[in-house]
Amino acid sequence: MQTVTTQKNHYKLIITIVKKKQANKVMAAAKKGGAEGGTILLGSGLGIHEKESFFGIDMLYEKEIVFTLIPEDRLSNILEHIKEEAKLNKQGTGIGFVVDVLAVRGIVHNQMDLTFEEEALERMIDHVNFELIVTIVNKGDAGIVVDASKRAGAEGGTILSGRGSGIHEQAKLLSMIIEPEKEIVLTLVTRDKVKRVLHQIEEEASLNQPGKGIAFILPVEETIGINH
């Protein structure tokens, strides 16, 4: 029988942006430092040490963005491993930053104390009008998340594609780790609806079952484009 522990450990999100084909080094370093997995997104961008143009053509370079959700007490160790093994202490290799997380769902083997989460959410009430729910699920399940959030009062969502691995995904082929395709759903909701929407996503996307996905809340300081 699987043991589920409850603790008052706060969570942090490490976002690391590196050159193409370097994300696996970040993932491996994070796991070595105590992380249980991560999600990789593809993007493009321009760094301070990269050429802005080539024969008059504006340049953009392919990037990989790694999301690593971790307990706060492992933060220093994981950051040190990422910095050293992904060579982020050298110019032009990439950047990383840490974002506070208000609440987490989907980490079945190590649930947070919900009272602690409630206190964190209440502390944000006077500071923000919106919060961002980030849900990471297996490919094909994003529609479930969007439908669930709309039923709970959200107005929609944005779906991104990525890849990643978690504690329950260790499949290999010819000694190579298979990283399953993921879908990431961004749901911007007003603070008075965030608890209801998060609960609905957890229920309908079965995040309380191992390997189904995770969801977490990030504070939003300001918004534009929401005219109504």
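The values are calculated or read from the model by the stated rules, or taken from the named source; none is laboratory data. Here the structure is a predicted model, which means the values were calculated and not measured. Heads up, the Cβs are rebuilt from the backbone with ideal geometry, glycines too, and the neighbour counts pull from every protein chain shown. Just the protein is used for accessible areas: all its heavy atoms, side chains included, with ligands, DNA and RNA removed. Shrake-Rupley method; radii C 1.70, N 1.55, O 1.52, S 1.80 Å.
Mind counting the residues in the stretch 181-228 that are part of a strand (DSSP E or B) and not aromatic (Phe, Trp, Tyr)?
Residues meeting the conditions: 17.
If you go through the stretch 10-64 one residue at a time, how many are in a strand (DSSP E or B) and closer than 21 Å to Glu80 by Cα?
13
Which residues, counting only those in the stretch 76-100, are in a strand (DSSP E or B) and more than 12 Å from Ile14 (Cα to Cα)?
Result: Gly94, single match.
Just one of Gly47, Gly43 is in contact with a strand residue (DSSP E or B) (Cβ under 7 Å, 6 or more places away or on another chain), more than 22 Å from Asp100 (Cα to Cα) and at pLDDT below 95; which is it?
Gly43
Identify the residue in the stretch 185-216 that is over 15 Å from Ala148 (Cβ atoms) and open to solvent by less than 40 Å² (accessible area, probe 1.4 Å) and, among all such residues, is modelled with the lowest pLDDT.
Applying the filter and picking the extreme gives Gly211.
Filter the stretch 70-108 for residues that are touching a strand residue (DSSP E or B) at 6+ places or on another chain (Cβ under 6 Å), surrounded by fewer than 17 Cβ atoms within 10 Å (Cβ to Cβ) and more than 14 Å from Gly33 (Cβ to Cβ) and give the result.
Scanning the stretch 70-108 gives Ile95, Phe97, Val99.
Considering only residues that are surrounded by 13 or more Cβ atoms within 10 Å (Cβ to Cβ) and hydrophobic (A, V, I, L, M, F, W, C), which ones fall in the stretch 59-69?
Once the filter is applied, which keeps residues that are surrounded by 13 or more Cβ atoms within 10 Å (Cβ to Cβ) and hydrophobic (A, V, I, L, M, F, W, C), the stretch 59-69 yields Ile65, Val66, Phe67, Leu69.
Does Val26 qualify as being under 30 Å from Phe130 (Cα atoms) and not assigned by the TED database to the domain that holds Asn138?
So Val26 does not fit the description; no.
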